[in-house]
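What follows is calculated from the coordinates using simple rules that are stated; it is not laboratory data. This structure is a prediction, so every number in the text was calculated from the model and none was measured. Methodologically, a virtual Cβ is constructed for each residue, glycine included, from the backbone with ideal geometry; neighbour enumeration extends over all protein chains shown.
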Amino acid sequence: MHTLVDPLNRALQIRPNAIAFIDGEREITFTEFHQRCGKLISALRHLGARSGARIAILANNSSQYFEAYVGIPAGGMVVVPLNTRHAMPELVYALKDSGADILITDRADVGDLADVVEQVVTLPDNYETLLAEAEPALLGEGVNETDLAGLFYTGGTTGASKGVMLTHRNLIANSLNWLATVPQSEHDRSLVMAPMFHAAGSNGILAAIWQGALQVPLGTFDPAAVLDLIEKHRITMTLGVPSMLAAIAEEQHVNPRDVSSLEVLTHGGSPIATEVVRRSCSAFPSTQLVEVYGATETSPLVSLLGNEETLIDDPLARSCGRAVMGCSVSIKDADGTTLACGEVGEVVVSGTNVMAGYWNKPEQTAAVLKHGGYYTGDMGYLDDDGYLFLVDRSKDMIVSGGENVYSTEVEEVLYRHPAVLEAAVFGVPDDKWGEAVHAVIVPRPENTEVQPEELIAFCREHIGGYKVPKGIDIQHEPLPKSGPGKVLKRDLRAPYWKGTDRAVN
């Protein structure tokens, strides 16, 4: 049986005085980290939190975020990382749905969130005061691998928003799968540049702690800051979404730093253009590029394609690689029958990394956890060598800059505008973000003068900025529909994807 206490205890045993984190000018050893995690639990208990309590965190990456991410579950509580890019209604929904009583945040003004929770702990001052007054609690006492470790929210304020329940077993399995596929040692130095509320940001945290390796958090993403940290701390590995790779590659070409220490550059979370891979390879010539595919529901790793720099002009470059060790991938039809190699169907994942379900959503859980696997909603096929190729994302989801955007959620907001008669939202190719949110609307006869700018501004009031359509087309003929009356988004988005290296069905 393993819980989040185990990586921490191993690091304490093998490298107690080694530096675990460098946060700005601050260095924290594994012994100090262990003590601070214990003090955090003691402080939360003093505030009234009990075993199983949900503790939310809304903050940029920092050493304190590591303490919350590891310490809260290690103390028998549940961490609820909140998306810093979500709008206020989305954050309020997540807090209410999770039942969180305490919010840890670096925001000076939390607005309506203060009315949802019983306690707000501000970073760093209030947080540090609480820890200074606390005695370390014993970590791991009464904690089991099947206990809930975290609630990770996907989607937004509508029915598409779901709290993904990840247990200690899920997160430990993911870290072991990662270590078995991309081995790392105590000598590695990881830069955590993707936000830690995101699967990409939290993927390697436990693996690095287990090995007693150094981690450096980046507060907010800035390509120049990334390269400066790589050079300053001799970073050996980092992970981000494709838009981050594109940005740091461009910065390195314009203002080069000494990045010779970087051994592994991993990306995932959304499709990546071949040109971004090519530019990244030239910017970091001594670095191995690795693509990972997964989902929050799989903790998150499913498959991995290594040495991408050698495959740019190879057909395998369009694959997501092979299933990571400890995880199984199959392709099934609508009836749950496993399909042969080369046949397109739904990607199904099984393994101990698969979530326990969606928080308080039994119907949605049953729809994706069935026949012993997690049905991803992504369509793809396996070749004869076990390489996974995706042919389409799930039709109601757009992946922009590593963030999942549900088209139905954006459509619901558009439909709230009095000028909108019909609306369809879909993803279009974008060199920076992988995909951009795009909409086509049909105005009501009495509102034919409505402009895209007005609709975009309206959306911005109700949903996070990354979900707001970057472009809106206004047409006066009805949206194309199938016989049963379903909008044919395939017909709407096909012109945008014509000539790209990604299929659209």
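Data table
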{"item": "Nearest-20 debye value, the chain charge dipole, Cβ charges on Lys, Arg, Asp, Glu", "result": "620"}
{"item": "For region 281-359, convex hull volume per residue from C-alpha positions, Å³", "result": "120"}
{"item": "Length released on extending from GLN119 to ALA494, taking residue separation times 0.36 nm less the Cα-Cα span", "result": "130.1 nm"}
{"item": "Gained length - ALA366 relative to ASN17, 0.36 nm times residue gap less alpha-carbon distance", "result": "121.0 nm"}
{"item": "Within-13-Å neighbourhood charge of GLN13 [Cβ basis; K, R +1; D, E -1]", "result": "0"}
{"item": "Region 5-380: relative contact order as a whole-number percent, Cα under 8 Å and 6+ apart", "result": "14"}
{"item": "Formal net charge of residues neighbouring HIS462 (Cβ-Cβ distance under 15 Å; K, R +1; D, E -1)", "result": "-3"}
{"item": "Whole-Å distance, taken between Cα centres, linking region 418-467 and region 235-281", "result": "31"}
{"item": "Under Karplus coefficients 6.51, -1.76 and 1.60, residue-wise ³J(HN,Hα) of region 126-137 in Hz, glycine/proline x", "result": "4, 4, 5, 5, 4, 5, 5, 8, 9, 9, x, 7"}
{"item": "Shape call, region 397-497: gyration tensor on alpha carbons, a/c limit 1.5", "result": "oblate"}
{"item": "³J(HN,Hα), Karplus 6.51/-1.76/1.60, whole Hz, each residue of region 97-111, x for Gly, Pro", "result": "5, 6, x, 5, 9, 10, 10, 9, 8, 9, 7, 5, 10, 9, x"}
{"item": "Fraction of antiparallel bridges per DSSP, the chain only, in percent to nearest 5", "result": "60"}
{"item": "Count of lysine pairs in region 5-380 with Cα separation under 27 Å (8 or more residues apart, or interchain)", "result": "9"}
{"item": "Cα convex hull volume per residue for region 115-209 (Å³)", "result": "185"}
{"item": "Overall Cα dimensions of region 44-150, principal axis frame, Å, largest first", "result": "36, 31, 24"}
{"item": "The chain: angle of helix 407-416 to the longest principal axis, Cα-based, in degrees nearest 10", "result": "70"}
{"item": "Mean ellipticity per residue at 222 nm, deg cm²/dmol - from DSSP H runs of n ≥ 4 across the chain, formula -39500 (n - 2.57)", "result": "-9000 deg cm²/dmol"}
{"item": "Whole-angstrom Cα spans of region 5-380 along principal axes, big to small", "result": "58, 53, 40"}
{"item": "Cut-off under 5 Å, modelled amide H: who pairs with ASP473 long-range", "result": "ALA439, VAL440, ILE441"}
{"item": "Cα coordinate range in region 175-286, projected on the principal axes (Å, largest first)", "result": "37, 30, 25"}
{"item": "Within-13-Å neighbourhood charge of ALA419 [Cβ basis; K, R +1; D, E -1]", "result": "-3"}
{"item": "Whole-angstrom gap from region 318-391 to region 185-209, using each part's C-alpha centre", "result": "25"}
